[in-house]
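Quick notes on the structure that follows.
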Amino acid sequence: MRLNEQQANSLYGQDVKDRSGSKIGSVGQIWADAAGEPTWVSVKTGLMGHKESMAPLEKARITDSGLAVDYDKSTVKDAPAVDAGTDQPLDTAQIEQLYAHYRLTPQAPPAPPTAGRGRAPGAGEDLIRSEERMRVGTESQPAGTARLRKYVVTEDVHTTVPVEHDEVYVEREPIAAGDARGMRSDIGEAEQEMTLRAERPVVAKETVPVERVHLAKDEVVEQQAIDDQIRRERVDADIPERSRRRR
């Protein structure tokens, strides 16, 4: 992929994705060859440390979501790395390692690329001043697991229930003389029985559904402070006193 200076400058900080569309990281630095053509890019993978993996711009393409390289994520992450934020040119040994890692065949003996945003301007050309812009985004990551766990507890229950029972008492009724006629008046032993009834408490248990319980979540947006550093170029003019424009 051939990039002009404007396209190369637009890549800084952009997302880098692999051939399947998975995000690898973001663009750190861009290296150009001896002819000024961008050839390599360093990728900030977001891992702890101060190294950035290198990836070739050959067969890469610019998309709406950033830079897409023609390799999978693991190949890029395992590639030879450089110090984060370095502006040192790649030496011959580093270039050979990169070509070997990505199985690329150089068309000519590789000249050490230099990191930067363009070649030095010649006489009469404009000097381009550049600066970094911080792109702040978000990425989703696991923050823990919420669980519902059901278990059984035993609790004491105290209640009352009314129970009935029979109580026996003796009723005595005098017999009038007129009513005594016709009644047996034998003297002897006799018995009378009565069946008595008493209730007792009986406990039965049944299981019934009483409540639906499930997990739910709300997305809460909060402001989080981010402190970082960006670089910008300044241009100072060194003009002889006699050649300075008078205002």
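The values are calculated or read from the model by the stated rules, or taken from the named source; none is laboratory data. The model shown is predicted, which means the values in this text are computed figures rather than measured ones. Methodologically, a virtual Cβ is constructed for each residue, glycine included, from the backbone with ideal geometry; neighbour enumeration extends over all protein chains shown. With ligands, DNA and RNA removed, areas are computed over all heavy atoms of the protein, side chains included. Shrake-Rupley method; radii C 1.70, N 1.55, O 1.52, S 1.80 Å.
Gly122 falls short of the stated requirement of being touching a strand residue (DSSP E or B) at 6+ places or on another chain (Cβ under 7 Å), part of a loop (DSSP other than H, G, I, E, B) and at pLDDT below 90.
Mind checking whether some residue in region 197-204 is assigned to a loop (DSSP other than H, G, I, E, B) and at positive phi? Even if it seems obvious, please write down each step before you answer.
First, the residues of region 197-204 that are assigned to a loop (DSSP other than H, G, I, E, B): 197, 199-204.
Cutting the leftovers down to at positive phi gives us none.
The answer is no; no qualifying residue exists.
If I go through region 26-71 residue by residue, how many of them are among the aliphatic types (A, V, I, L, M) and touching a Phe, Trp or Tyr at 6+ places or on another chain (Cβ under 8 Å)? Summing the residues that are among the aliphatic types (A, V, I, L, M) and touching a Phe, Trp or Tyr at 6+ places or on another chain (Cβ under 8 Å) in region 26-71 gives 6.
For (1) β-branched (Val, Ile, Thr); (2) more than 19 Å from Pro106 (Cβ to Cβ), each residue gets a yes or a no:
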| residue | (1), (2) |
| --- | --- |
| Arg2 | no, no |
| Ala8 | no, yes |
| Lys17 | no, yes |
| Val27 | yes, yes |
| Ala32 | no, no |
| Ala35 | no, no |
| Val41 | yes, no |
| Thr45 | yes, yes |
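Whenever a residue of region 130-156 is outside any loop (DSSP other than H, G, I, E, B), its partners that are open to solvent by 100 Å² or more (accessible area, probe 1.4 Å), lying with C-beta atoms within less than 8 angstrom and at least six residues away or across chains, give the pairs Glu131/Arg231; Glu131/Arg232.
Scanning region 191-219 for residues being at pLDDT 85 or above and open to solvent by 100 Å² or more (accessible area, probe 1.4 Å) gives a total of 19. Based on what the data block shows, is Asp166 at pLDDT 85 or above and either aliphatic (A, V, I, L, M) or within 30 Å of Ser65 (Cα to Cα) (or both)? No; evaluated as a whole, the condition is false for this residue.
Are there any strands (runs of 3 or more DSSP E) wholly within region 5-89 with 2 or more residues that are surrounded by 18 or more Cβ atoms within 10 Å (Cβ to Cβ) and at pLDDT below 90, and if so which?
Details: elements: 15-17, 23-32, 38-44, 51-56, 61-63, 66-68, 81-83.
The strands (runs of 3 or more DSSP E) meeting that bar are 23-32, 38-44.
Scan region 31-82 residue by residue and report those that are touching a Pro at 6+ places or on another chain (Cβ under 8 Å) and farther than 21 Å from Ala100 by Cα. None - no residue of region 31-82 is touching a Pro at 6+ places or on another chain (Cβ under 8 Å) and farther than 21 Å from Ala100 by Cα, so the list stays empty. Within the set Ile239, Ile226, the sole residue that is surrounded by fewer than 10 Cβ atoms within 10 Å (Cβ to Cβ), closer than 30 Å to Glu132 by Cα, in contact (Cβ under 8 Å) with a residue 24 or more places away in the chain and out of contact with any Lys or Arg (no Cβ under 8 Å at 6 or more places or on another chain) turns out to be Ile226.
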